[in-house]
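Chemist: My structure is below; once you've seen it, I'll send some questions.
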Amino acid sequence: MYDVIVIGGGHAGSEACLAAARMNQKTLLVTGNINMISSMPCNPSVGGPAKGIVVREIDALGGEMAKVADKTQIQMRLLNISKGPAVRALRAQSDKVEYPKEMKKTILQQDNLEVIEAYVDKLYINDGIVSGVILEDGTEIKSKKVIVTTGTYMQAKILVGDTVKNEGPDKEKASMNLSTQLRELGFKTTRLKTGTPPRIKRDTIDFSKTEVHEGDKVERTFSFDNIYYKDINKQEPCYLTYTNEITHNIIELNLEKSSMYSGAVEGVGPRYCPSIEDKLVRFRDKERHQIFLEPESLSIDEMYVQGFSTSMPHDVQDRMIKSISGLEHAEIAKYAYAIEYDAIDPRTLYPTLESKDYPGLYFAGQVNGTSGYEEAACQGLMAGINACLKLQDKEPLVLKRNEAYIGVLIDDLVTKGVNDPYRLLTSRAEYRLLLRHDNADIRLRHYGYQIGLITKEQYQNHQIKIDKISNLKSILEDYYISPTLEVNEYFEKIHSTKLKEKSSLYALLRRPEIKIEHMNYFIDLSEYSFEEKEQAEIDIKYEGYIAKSQKQAEKLLKMDDYKIPADINYDVIHNLALEAKEKLKRIKPLTIGQASRISGVNPADISILLIYIKTINNL
Ligand SMILES: Cc1cc2nc3c(=O)[nH]c(=O)nc-3n(C[C@H](O)[C@H](O)[C@H](O)COP(=O)(O)OP(=O)(O)OC[C@H]3O[C@@H](n4cnc5c(N)ncnc54)[C@H](O)[C@@H]3O)c2cc1C
């Protein structure tokens with residue numbers, strides 16, 4: 001008997017099984033192909049807007065993705081560096097051969113964690129309770145908790161032109177029976193779709209016709225362990241080129257041959273990661289679309305054509321590729337394809353990702369309707385954590401919308417559901433100024449320590465960092481400079497306005513053109529790390545905005561502390577609108593705050609609900 005069984009070793013499954021094993025639960029990972037653990041069937045990269053912040057949040061809580069991404073990156077960039085701190089995010093070009101290898105190694109070395117290579121055919125149900133799994137060969141394996149992270153595999157179909165195959169990504173076997181059983185158990189499943197672009201042979205590209213995009217010359221890491229594993233001068237560049245009128249004509253003339261437009265595809269595709277056909281149809285006025293040629297790995301001589309996912313027949317793909325500047329002689333090493341698969345309706349889950357109808361059964365990753373490695377990994381981590389906290393009879397860990405992008409993502413899933421594959425964007429987070437790349441550890445590390453995924457030593461180092469940041473801020477606050485000739489010569493030199501009266505360095509740092517490094521002229525900051533200085537600078541420069549956003553969040557999220565009785569009967573609440581009653585009965589929100597975010601539940605319904613709860617609580 002296991003404590004936890006995780007079905008599927010993708011990005012969600014990897015985090016879930018590691019979290020469970022590290023929280024001292026006897027864990028089993030059952031995955032279809034051990035060599036496909038954490039494989040990257042799509043873009044060879046980790047991070048980007050919002051996603052990069054989630055990777056840091058995973059690390060702050062004690063997950064693994066950040067460390068593996070740091071160890072296997074072949075290029076690292078901090079995006080939006082010229083913009084405000086709320087939209088800055090790291091993006092790594094990952095070696096898609098080394099990334100899965102590194103995660104597999106970590107999993108196979110983990111105590112308390114066994115791994116078997118097999119397909120789960122069904123859940124083992126005993127008296128209506130999910131009590132393990134049944135493998136394709138009929139073997140039954142018992143456990144107290146089961147976490148389903150089957151990704152894009154459930155009844156997967158690969159579509160290219162009018163060719164349709166029952167197959168998973170990268171020619172892997174699809175998982176055919178699990179979603180049938182889930183439907184029999186009453187789960188609503190939806191057909192979703194995503195797609196991947198072709199890969200082309202590196203030595204058939206004329207790079208002289210492209211724009212080179214290099215990595216940053218500053219050592220940056222996702223993990224707060226701050227270990228930079230690579231040689232910063234040996235980063236692989238990416239290359240920018242564009243589609244053009246010829247490309248667009250080829251697509252237009254063959255649109256009905258694309259699986260997407262021939263009707264072969266049933267599933268709904270990601271709005272924010274459209275195929276090139278979709279881009280053409282949706283943005284007809286655009287003369288050209290960006291195409292990034294990204295290195296897949298140091299050991300594979302192929303380039304990933306980012307922004308060019310398609311389900312056109314191979315001969316059309318060849319012509320489309322050859323029409324692009326720099327790719328006139330390109331040879332396709334791997335053709336693009338679309339994949340559609342079954343996913344469940346995440347509104348049937350609690351914010352712990354546990355099923356409302358089948359206690360002990362959890363879902364995480366693409367199976368919940370999201371798209372992206374990072375979105376999957378954070379769900380896997382939270383499902384693993386909450387399955388263990390339940391086993392340990394402890395309070396669940398549910399992150400709020402002002403605490404983490406992970407909180408935003410999961411709340412959106414379980415409260416609003418998905419119509420198309422959900423991808424994280426900064427615009428989804430109303431408190432994004434609080435959810436930054438730089439402060440993920442300050443927001444979440446204490447949770448990681450409380451649940452036992454962050455060690456005492458890591459937490460002590462974290463507290464030292466916190467103390468040093470507040471120490472630095474007090475030094476800057478207490479250090480005053482006067483408008484001497486020498487001081488104003490320095491301000492002139494750094495293109496800042498002359499000082500007219502005595503001022504603290506703290507107040508001066510609020511000047512947009514003044515950077516924390518300029519403070520070295522007055523005081524020695526060498527004992528502070530890059531991250532400590534960066535944190536102090538952001539806290540000081542954005543102090544007013546951060547305080548305002550925090551206040552707003554506290555006011556609005558107060559409702560998230562207002563619990564709704566689990567046995568509430570919405571049918572007896574008079575004046576509650578019919579649509580609200582129907583939605584509340586189906587989604588079973590845990591708090592008034594969650595209820596207020598359900599579409600179709602209006603503020604009037606919330607006041608009626610509040611009064612009713614106060615009445616029944618005799619408050
Ligand atoms: C073709 C393609 C294109 C994509 N394009 C994009 C994109 O453009 N943008 C983007 O953000 N994301 C994209 N993705 C999605 C991205 O790959 C996923 O979001 C991510 O991999 C999901 O992680 P996961 O852990 O949920 O599932 P996966 O990574 O799919 O892992 C699922 C794992 O479960 C295992 N498994 C499945 N069924 C069983 C079973 N019954 N028994 C045992 N093991 C099982 C599989 O072997 C696999 O290891 C794409 C995916 C594919 C396949």
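Chemist: Pick from segment 1-22 the residues that are open to solvent by less than 10 Å² (accessible area, probe 1.4 Å) and either away from the ligand (no atom under 12 Å from the Cβ) or of a type in the set (D, E, K, R) (or both): which of them is nearest to GLY372 (Cα to Cα)?
Modeler: It comes out as GLU15.
Chemist: Filter segment 515-546 for residues that are over 26 Å from the mean Cα position of the chain (by Cα) and under 30 Å from VAL398 (Cβ atoms) and give the result.
Modeler: Listed by number, the residues that qualify are GLU543, GLY544.
Chemist: Residues to consider are ALA333, ALA377, ALA343; find the one that is within 21 Å of SER94 (Cα to Cα), among the hydrophobic types (A, V, I, L, M, F, W, C) and surrounded by 24 or more Cβ atoms within 10 Å (Cβ to Cβ).
Modeler: Among ALA333, ALA377, ALA343, only ALA377 is within 21 Å of SER94 (Cα to Cα), among the hydrophobic types (A, V, I, L, M, F, W, C) and surrounded by 24 or more Cβ atoms within 10 Å (Cβ to Cβ).
Chemist: Does LEU178 fit the bill of being near the ligand (Cβ under 8 Å from one of its atoms) and of a type in the set (A, V, I, L, M, F, W, C)?
Modeler: Considered against the rule, which asks whether it is near the ligand (Cβ under 8 Å from one of its atoms) and of a type in the set (A, V, I, L, M, F, W, C), LEU178 comes out as yes.
Chemist: If you don't mind, there's one more thing I want to ask. Among the residues in segment 405-417, are any more than 21 Å from the chain's Cα centre (by Cα) and aliphatic (A, V, I, L, M)?
Modeler: no
Chemist: Also, I was wondering about something else. Could we say that ILE451 is farther than 25 Å from GLU534 by Cα, more than 18 Å from the chain's Cα centre (by Cα) and open to solvent by less than 50 Å² (accessible area, probe 1.4 Å) here? Even if it seems obvious, please write down each step before you answer.
Modeler: Values: farther than 25 Å from GLU534 by Cα: yes; more than 18 Å from the chain's Cα centre (by Cα): yes; open to solvent by less than 50 Å² (accessible area, probe 1.4 Å): yes.
It is true that ILE451 is farther than 25 Å from GLU534 by Cα, more than 18 Å from the chain's Cα centre (by Cα) and open to solvent by less than 50 Å² (accessible area, probe 1.4 Å).
Chemist: Any residue that is crowded, with 18+ Cβ neighbours inside 10 Å, more than 30 Å from GLN460 (Cα to Cα), in contact with a strand residue (DSSP E or B) (Cβ under 9 Å, 6 or more places away or on another chain) and among the hydrophobic types (A, V, I, L, M, F, W, C) - is there at least one of those in segment 191-200?
Modeler: Just the residues of segment 191-200 that are crowded, with 18+ Cβ neighbours inside 10 Å, to begin with: 192-200.
Restricting the remaining residues to those that are more than 30 Å from GLN460 (Cα to Cα) gives 192-200.
After this cut, where a residue has to be in contact with a strand residue (DSSP E or B) (Cβ under 9 Å, 6 or more places away or on another chain) as well, the list is 192-200.
Remaining after also requiring among the hydrophobic types (A, V, I, L, M, F, W, C): 192, 200.
Checked segment 191-200: at least one residue is crowded, with 18+ Cβ neighbours inside 10 Å, more than 30 Å from GLN460 (Cα to Cα), in contact with a strand residue (DSSP E or B) (Cβ under 9 Å, 6 or more places away or on another chain) and among the hydrophobic types (A, V, I, L, M, F, W, C).
Chemist: Further, regarding this structure: Residue check: is ILE37 among the β-branched types (Val, Ile, Thr), more than 14 Å from the chain's Cα centre (by Cα) and more than 16 Å from the ligand (Cβ to nearest atom)?
Modeler: No.
Chemist: Select from segment 524-567 the residues that are open to solvent by 30 Å² or more (accessible area, probe 1.4 Å), outside any helix (DSSP H, G or I) and of a type in the set (Phe, Trp, Tyr) and list them in ascending order.
Modeler: TYR542, TYR562
Chemist: Got a sec? Which strands (runs of 3 or more DSSP E) wholly within segment 98-158 have at least 3 residues that are away from the ligand (no atom under 14 Å from the Cβ), closer than 23 Å to ASP357 by Cα and in the same structural domain as SER45 (by TED's automatic domain parsing)?
Modeler: 129-135, 140-148
Chemist: Continuing with this model, one more query. Among the residues of segment 596-611, which ones are hydroxyl-bearing (Ser, Thr, Tyr) and surrounded by 19 or more Cβ atoms within 10 Å (Cβ to Cβ)?
Modeler: SER596
Chemist: Could you tell me whether any residue of segment 477-492 is of a type in the set (D, E, K, R), open to solvent by less than 70 Å² (accessible area, probe 1.4 Å), in contact (Cβ under 8 Å) with a residue 24 or more places away in the chain and not assigned by TED's automatic domain parsing to the domain that holds ARG597?
Modeler: no
Chemist: Specify the residue that is farthest from THR243 (Cα to Cα); the eligible residues are those in segment 282-330 that are touching a Gly at 6+ places or on another chain (Cβ under 7 Å) and of a type in the set (A, V, I, L, M, F, W, C).
Modeler: The extreme case among them is MET312.
Chemist: Please go through segment 346-391 and pick out each residue that is within 11 Å of the chain's Cα centre (by Cα) and among the small types (Gly, Ala, Ser).
Modeler: GLY365, SER371, GLY372, ALA376, ALA377, GLY380, listed by residue number.
Chemist: Being at negative phi and in contact with a helix residue (DSSP H, G or I) (Cβ under 6 Å, 6 or more places away or on another chain): is that true of SER299 here?
Modeler: The answer is no for SER299.
Chemist: With a cut-off of at least 3 residues that are within 16 Å of the ligand (Cβ to nearest atom) and surrounded by 16 or more Cβ atoms within 10 Å (Cβ to Cβ), name the helices (runs of 4 or more DSSP H) lying wholly within segment 229-295.
Modeler: 276-282
Chemist: Okay, next question. If I filter segment 145-162 for residues that are at pLDDT below 95 and open to solvent by 40 Å² or more (accessible area, probe 1.4 Å), do I get at least one hit?
Modeler: Within segment 145-162 (the criterion being at pLDDT below 95 and open to solvent by 40 Å² or more (accessible area, probe 1.4 Å)), the answer is yes, since at least one residue qualifies.
Chemist: Here is a further query. What pairs come up if the first residue lies in segment 412-424 and is at positive phi, the second is assigned to a loop (DSSP other than H, G, I, E, B), and their beta carbons are under 7 Å apart, counting only those six or more places apart or on different chains?
Modeler: GLY417/ASP345
Chemist: Return only the number of the condition from (1) more than 30 Å from ALA343 (Cα to Cα); (2) touching a strand residue (DSSP E or B) at 6+ places or on another chain (Cβ under 7 Å); (3) in a loop (DSSP other than H, G, I, E, B) that VAL218 does not satisfy.
Modeler: It fails just one condition, (2).
Chemist: To continue, here is another question. Please verify whether SER311 is within 16 Å of the ligand (Cβ to nearest atom), over 30 Å from PHE530 (Cβ atoms), surrounded by 23 or more Cβ atoms within 10 Å (Cβ to Cβ) and at pLDDT 95 or above, treating the condition exactly as stated.
Modeler: Yes; evaluated as a whole, the condition is true for this residue.
Chemist: If you don't mind, another one. Within segment 103-121, can one find any residue that is open to solvent by 40 Å² or more (accessible area, probe 1.4 Å), under 30 Å from the mean Cα position of the chain (by Cα) and farther than 20 Å from LYS26 by Cα?
Modeler: Within segment 103-121, none of the residues are open to solvent by 40 Å² or more (accessible area, probe 1.4 Å), under 30 Å from the mean Cα position of the chain (by Cα) and farther than 20 Å from LYS26 by Cα.
Chemist: Taking the conditions exactly as written (outside the structural domain of VAL601 (by TED's automatic domain parsing) and surrounded by fewer than 24 Cβ atoms within 10 Å (Cβ to Cβ)), does LEU444 satisfy them or not?
Modeler: no
Chemist: For ASP438, only one of the following conditions fails: (1) in the same structural domain as GLY369 (by TED's automatic domain parsing); (2) of a type in the set (D, E, K, R); (3) surrounded by fewer than 18 Cβ atoms within 10 Å (Cβ to Cβ); (4) within 27 Å of VAL46 (Cα to Cα). What is its number?
Modeler: (1)
Chemist: Take segment 493-511 and flag every residue that is part of a loop (DSSP other than H, G, I, E, B) and open to solvent by 100 Å² or more (accessible area, probe 1.4 Å). I'd like the intermediate steps shown before the answer.
Modeler: Taking segment 493-511 first, the residues part of a loop (DSSP other than H, G, I, E, B) are 494-502, 509-511.
Passing the criteria: HIS495, LYS498, LYS500, GLU501, LYS502, ARG510.
Chemist: Continuing with this model, one more query. Any residue in segment 140-167 that is aromatic (Phe, Trp, Tyr) sitting within a Cβ distance under 8 Å of a residue that is surrounded by 21 or more Cβ atoms within 10 Å (Cβ to Cβ)? List the pairs, counting only those 6 or more apart or interchain.
Modeler: TYR153/GLY8; TYR153/GLY32; TYR153/GLY168; TYR153/PRO169; TYR153/ALA174; TYR153/SER175; TYR153/TYR341
Chemist: On to the next question. In segment 582-595, what residues are buried (at least 17 other Cβ atoms within 10 Å of the Cβ) and in contact with a helix residue (DSSP H, G or I) (Cβ under 7 Å, 6 or more places away or on another chain)?
Modeler: LEU584, ILE587, PRO589, THR591, ILE592, GLY593, GLN594, ALA595
The values are calculated or read from the model by the stated rules, or taken from the named source; none is laboratory data. Quick caveat, the model's predicted, so the values are computed rather than measured. Here the Cβ is made from the backbone with ideal geometry for all residues, glycine too, and neighbour counts use every protein chain on show. Ligands, DNA and RNA are stripped out before the accessible areas are found, and what is left, the full protein with its side chains, is counted by its heavy atoms. Shrake-Rupley method; radii C 1.70, N 1.55, O 1.52, S 1.80 Å.
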